[in-house]
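The values are calculated or read from the model by the stated rules, or taken from the named source; none is laboratory data. Fair warning: this is a prediction, and the values are worked out from it, not measured in the lab. Surface areas here come from the heavy atoms of the whole protein model, side chains and all, with no ligands, DNA or RNA. Shrake-Rupley method; radii C 1.70, N 1.55, O 1.52, S 1.80 Å.
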Amino acid sequence: MRYLLLIGVLALSILVGSGSRSTAGSRAHSYAPPVRQDVYCLQGRSWGYPGNCQFSTYDQCMATASGTYAYCSINPTYAFGQQRRQSR
């Protein structure tokens, strides 16, 4: 009985110790900025123009448009926005 209790305490301390290290290790990685949610727009007869602009990837937009009479394109805000001038 004594050995069973000892094994239980050791196993618990190992699980708690390894969990806290993995959590701390994942926080140490570099920061990834959030993904833009409005880059692609779902457009079509029922969506109008510019449409439903809540997609961060073209594939997400196309998956939503699948089986409908809709299509995807880049958000006009990005497509026709002012371009930055490069300094020489």
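Shape of region 35-87 from its Cα gyration tensor (a ≥ b ≥ c, root eigenvalues): rounded if a/c is under 1.5, otherwise prolate when a/b > b/c, or oblate?
Cα axes put region 35-87 in the prolate bin.
Send over a whole-number figure in Å² for the accessible area per residue of region 35-87, probe 1.4 Å.
I get 81 Å² per residue for region 35-87.
Could you work out how much longer the chain between Y71 and R45 gets when fully extended? Use 0.36 nm per residue separation minus the Cα distance between them, nm to one decimal.
8.4 nm
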